[in-house]
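Step one of this worksheet: look at the structure below.
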Amino acid sequence: MTVGKNIIVVGAQWGDEGKGKVVDMLTEDAIAVVRFQGGHNAGHTLVVSGKTVVLHLIPSGILHKGVYCLIGNGTVVAPDALVEEIHGLEQQGIEVRSRLAISSGCAIVLPSHQMLDKMRELALGRNAIGTTVRGIGPTYEDKAARRGLRLSLLRNPEALRSQLEAILDAHNFMLEHCYGAKRFDVDSVFDMLLSYVEDLTPMLADIPNLLGRYRQNEKHVVFEGAQGCLLDLDHGTYPYVTSSNTVAGYASVGTGIGPREFDEVLGIAKAYTTRVGAGPFPTELHDDAGDLLFRHGGELGAVTGRRRRCGWLDIPALKKTARNNSMSMLAITKLDVLDHFDTIPICIGYRCGDDLLDEAPEDSLLWPECEPVYETLPGWKSSTRGVDRIESLPYAARCYLEKIEEIIGVPIVLVSTGPEREASILLGNWL
Ligand code: IMP
């Protein structure tokens, strides 16, 4: 019997790389798809049979019949958002409950976390992080402070009530005294949480145990990263990051199985670069080229509808994320967005003070000083939209991909040329 692989899929840039589509494709040979970090700040857009579905908390495998979807302990869960998402899928005729398993160790995102997120961003003014205002940061903070609520409390309303009182005391104090905002009423938050008990408790399960069982299967298990590695709390452009670890190593922590259980790490990168929210972005464009990337790439955020900042491909940043994740494979998405350019610059290094760097630095405070050094490649000025064979790509497009592969040193296994599943070129070692 061939044994299925445990494959981690991570965004190699600042998120929105098109992970949803790639995970969805991998799912054809998978028994399960697992989320291990983040929360409903994520927005995974899938286009299947002409229909667009945006998922926030539920793993992208849900659109495939018979595939299990797991939410690991490293994920933070807003019960209201999760139940709304389940209902939305059910209304489209997708069976969810028999296939969704959720760790009882997930931290609960409360409405007061969302309010704190909003108030902090307002108070930061021009220095705001540009969060999704979903309460993700404050929830991870409470988890680290050991006063957070976990989903297991839904099974014990008495304990839930007393822990909720304690945490709301802390939140209300901050809201009232730091931000002059309204207090949250314990009774109404408690009632709101109780109203989800019936929906959610049947799906609470022992995730490490399930993953141990799936390991015996011929099919793969896909660990679906959310956001991107440059938003990682430790390895990203701190403090302009999210509050979870988005790198592949967290797939172990956030699901409860050890690091020897993983076989492959697939990084996903756009053929150019985007970022939402504030923070350093060395290759950002403020000209017509940036505008073209924005328009042809449809670069509006799936969660907040914000315009994404756009720029050229940043190889030093990708080299860093390849290292931080021990990336074994690379997928390049949205190649077709580059169809419109006469020439395409790629950043191959940074000038940082007196140094010339070929890989982004560990110290995130150096990022704002990094000046990109470009090499300009010829464009192809013809449509690659929907191309599904490498031989059918224009010569210049193939050179562009070869250049990326050569410098980063990680094999490209997939090139995406449009949002549909079929608009994909599979190469060599694709699983
Ligand atoms: P938070 O995760 O809502 O705290 O936001 C922190 C940073 O991560 C902000 O720059 C957000 O724009 C960014 N971010 C969070 N989730 C996503 C995502 O799914 N895609 C892209 N950026 C994200």
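Summary table below
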item: Cα-based Kirkwood hydrodynamic radius, the range 110-224, one decimal, Å; result: 16.4 Å
item: Simple Cβ-charge dipole of the range 330-375, Lys/Arg +1 and Asp/Glu -1, about Cα centre, in debye nearest 20; result: 200 debye
item: Selected from LEU366, VAL189, ALA423, residue furthest toward positive end of dipole (the chain; charges at beta carbon); result: VAL189
item: Förster radius 51 Å - calculated FRET efficiency between ASP354 and GLU141, Cβ distance, rounded to 0.05; result: 0.85
item: For VAL76, residues with placed amide H under 5 Å, excluding near neighbours; result: GLY38, GLY39
item: Spacing of the two label points (7 Å from each Cα toward its C-beta) at GLU391 and GLN91, in nm; result: 4.7 nm
item: Solvent exposure, largest accessible area first (probe 1.4 Å, DNA, RNA and ligands not counted), of ILE71, ILE390; result: ILE390, ILE71
item: Residue of GLY277, GLY225, GLY39 that the Gaussian network model of the chain assigns the largest fluctuation, springs spanning Cα pairs under 10 Å; result: GLY277
item: Interchain or long-range residues, amide H under 5 Å from THR333's placed H; result: ALA269, LYS270, ALA271, SER416
item: Approximate spin-label separation GLU362-ASP199, in nm, with each point projected 7 Å along Cα-to-Cβ; result: 4.4 nm
item: Fraction of alpha-carbon pairs over 14 Å apart in the range 1-62 - percent; result: 58 percent
item: Rg(Cα) / (2.2 N^0.38 Å) computed for the range 1-120, rounded to two decimals; result: 1.08
item: Lys, Arg +1 and Asp, Glu -1 on Cβ, resulting dipole of the chain about Cα centre, debye, nearest 20; result: 620 debye
item: Kirkwood Rh, angstrom, the chain [1 / mean 1/r, Cα pairs]; result: 22.2 Å
item: Farthest toward positive dipole pole in the range 87-173 [+1 Lys/Arg, -1 Asp/Glu at C-beta], among ALA145, LEU160, MET119; result: ALA145
item: Modelled FRET efficiency - R0 25 Å, VAL186 with LEU122, Cβ distances, 0.05 increments; result: 0.55
item: Rounded to 5, percent antiparallel among DSSP beta bridges of the chain; result: 40 percent
item: About the Cα centre, charge dipole magnitude for the range 387-431 (Lys/Arg +1, Asp/Glu -1 at Cβ), debye; result: 40 debye
item: Exposure ranking of PHE294, PHE223 by accessible area [1.4 Å probe, largest first]; result: PHE294, PHE223
item: Between helix 315-325 and the chain: long-axis angle, C-alpha atoms, 0 to 90°, nearest 10; result: 50 degrees
item: Cα long-axis angle, helix 111-124 against the chain (0 to 90 degrees, to the nearest 10); result: 50 degrees
item: Relative contact order of the chain, defined on C-alpha pairs under 8 angstrom at six or more residues apart (%); result: 20 percent
item: Of MET25, GLY228, LEU266, farthest towards positive along the dipole that unit charges on Lys, Arg, Asp, Glu beta carbons give the chain; result: MET25
item: Value of [θ]222 nm, deg cm²/dmol, for the chain, DSSP H segments ≥ 4, -39500 (n - 2.57) each, nearest 500; result: -9000 deg cm²/dmol
item: Nearest-ten-degree value, helix 395-408 long axis tilted from longest Cα axis of the chain; result: 60 degrees
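The values are calculated or read from the model by the stated rules, or taken from the named source; none is laboratory data. Just so it is clear, the model here is predicted, and its values are computed rather than measured. When we count neighbours, we look across all protein chains shown, and the Cβ atoms used for this are built from the backbone with ideal geometry, even at glycine. Keep in mind that these areas ignore ligands, DNA and RNA; they rest on the heavy atoms of the full protein, side chains included. Shrake-Rupley method; radii C 1.70, N 1.55, O 1.52, S 1.80 Å.
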